[in-house]
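Down below is the structure, laid out as structure tokens.
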Amino acid sequence: MKKIGFLTFLLLAGVYTYAQTEAELKSELKTKKDSIAAIQGRANAIQAQIDALPGWKTGAFGTIGVNLSNFSNWYAQGFPNNSAGNIGFTVNAFANLKEDKFFWRNSANVNLQWVKLDDKDDPTDSDSFREATDVFNITSLYGRRLSQQFAVSTLGEYRTTILNNFNDPGYLDLGVGGTWTPTDNLVVVIHPLNYNFVFSSEDTIFNSSLGAKIVADYTRKLGAMNYKSNLSLFQSYESGDLSNWTWINSFSYTLWKMIGVGFEFGLRNNKQEALNYSVNTLGNTGETFDTVDNDLQTYWTLGLSYAF
């Protein structure tokens, strides 16, 4: 009986000691996390001061996704002998010059992806990668300051695809107006005088026109996180059918050293592209701007990210 009582005492003492140790460790961990948060806050404040200094600031981050597979005699699936793959990457880069009286901001967004599914039992099936995602945007904005937050500005923006149909279509916006920079991270461009040059072999659908250009760009680096959101809108004075907008959002979070997880999604509305696809790809020769289904264009990419 005494042995049972002694063993019970030891067991209860062990449980109490473990509970006490766990509570102490959790308390210490909370203190450490609070200290890390305080240090990160001070580091962010110093980084904000660095970002506010005049001179050039450059940077880039992107997403890389690779998925390759090969099957031989895998009879449970529809194509027992096949090789498949998906390779893609995105890059967001910037080079910004900030001075007391002017600024010059340059950025680029590239998103390319290739896919393949080769059925080895079908001799007519292609064993090559083919283009799947194809996005290429570059922007250059120059502003002469009227105050700390407002400037007269000129903007050049070019958008196209580079793997297929390079510059067909291609869009070049050139315009002048004003720019609002309430913070170093946010830039809002309003150019009431802008010409949208459209380059295409299909000149019966794609047309250049005069209009207004609005761009809103938000770029933020906070600790291990990189985020960029860019909205580019052109409103044609000639016809709403010639207007277009594109909104691209990129996010990456560093998990280890320079490697992390990245995600990007894009939205676009362009009636000229919708009509061109319906007429020249689907063969709907009787389609017009009034009858075409101008569905919202979307894409997204998820994969490993690398911060340059």
Q. Looking at Asn106, Asn82, which one is at pLDDT 90 or above, at negative phi and in contact with a strand residue (DSSP E or B) (Cβ under 9 Å, 6 or more places away or on another chain)?
A. Asn106
Q | Selection within segment 204-233 - out of contact with any Lys or Arg (no Cβ under 8 Å at 6 or more places or on another chain), without any contact (Cβ under 8 Å) to a residue 60 or more places away in the chain and in a strand (DSSP E or B) | A | Ser209, Leu210, Gly211, Ala212, Lys213, Ile214, Ala216, Met225, Ser229, Leu231
Q) Could you count how many residues in segment 205-237 are in contact with a helix residue (DSSP H, G or I) (Cβ under 9 Å, 6 or more places away or on another chain) and modelled with pLDDT under 85? A) 3
Q: Kindly list, by first and then second residue, each pair from a residue in segment 67-96 that is within 30 Å of Ser140 (Cβ to Cβ) to a residue that is in a loop (DSSP other than H, G, I, E, B), limited to pairs with Cβ atoms under 8 Å and residues at least 6 apart or on different chains.
A: Ile87/Phe129; Ala93/Phe308
Q: Scan segment 254-308 for residues that are farther than 20 Å from Gly62 by Cβ, touching a residue at least 60 places away in the same chain (Cβ under 8 Å) and touching a strand residue (DSSP E or B) at 6+ places or on another chain (Cβ under 8 Å) and report the count.
A: 2
Q: Sort out which residues of segment 267-300 are surrounded by 14 or more Cβ atoms within 10 Å (Cβ to Cβ) and of a type in the set (Phe, Trp, Tyr), and write them in order of number.
A: Tyr277, Phe289, Tyr299
Q.
Please verify whether Tyr306 is at pLDDT 90 or above and not β-branched (Val, Ile, Thr), treating the condition exactly as stated.
A. no
Q. Can you tell me which of Ile87, Ile138 is touching a strand residue (DSSP E or B) at 6+ places or on another chain (Cβ under 7 Å), assigned to a strand (DSSP E or B), of a type in the set (Val, Ile, Thr) and surrounded by fewer than 16 Cβ atoms within 10 Å (Cβ to Cβ)?
A. Ile138
Q: Specify which of the listed residues (Thr254, Thr246) is over 22 Å from Val135 (Cβ atoms), of a type in the set (Ser, Thr, Tyr) and surrounded by 15 or more Cβ atoms within 10 Å (Cβ to Cβ).
A: Thr254
Q. Just a yes or no: is a residue in segment 143-153 assigned by TED's automatic domain parsing to the domain that holds Ser72, aromatic (Phe, Trp, Tyr), crowded, with 17+ Cβ neighbours inside 10 Å and part of a strand (DSSP E or B)?
A. no
Q) What pairs come up if the first residue lies in segment 159-175 and is within 18 Å of Thr204 (Cα to Cα) and outside the structural domain of Asn106 (by TED's automatic domain parsing), the second is part of a loop (DSSP other than H, G, I, E, B) and of a type outside the set (Asp, Glu), and their beta carbons are under 8 Å apart, counting only those six or more places apart or on different chains? A) none
Q | Which numbered condition Ser201 fails, given (1) assigned to a strand (DSSP E or B); (2) small (Gly, Ala, Ser); (3) at pLDDT below 95 | A | (1)
Q) If you go through segment 204-211 one residue at a time, do you hit one that is touching a Pro at 6+ places or on another chain (Cβ under 6 Å) and either more than 18 Å from Asn96 (Cβ to Cβ) or buried (at least 20 other Cβ atoms within 10 Å of the Cβ) (or both)? A) yes
Q) When only residues in segment 242-262 that are modelled with pLDDT of 95 or more and not in a strand (DSSP E or B) count, which is nearest to Thr298 (Cα to Cα)? A) Ser243
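The values are calculated or read from the model by the stated rules, or taken from the named source; none is laboratory data. This structure is a prediction, so every number in the text was calculated from the model and none was measured. Please note: Cβ atoms are built from the backbone with ideal geometry, for glycine as well, and neighbour counts cover all protein chains shown.
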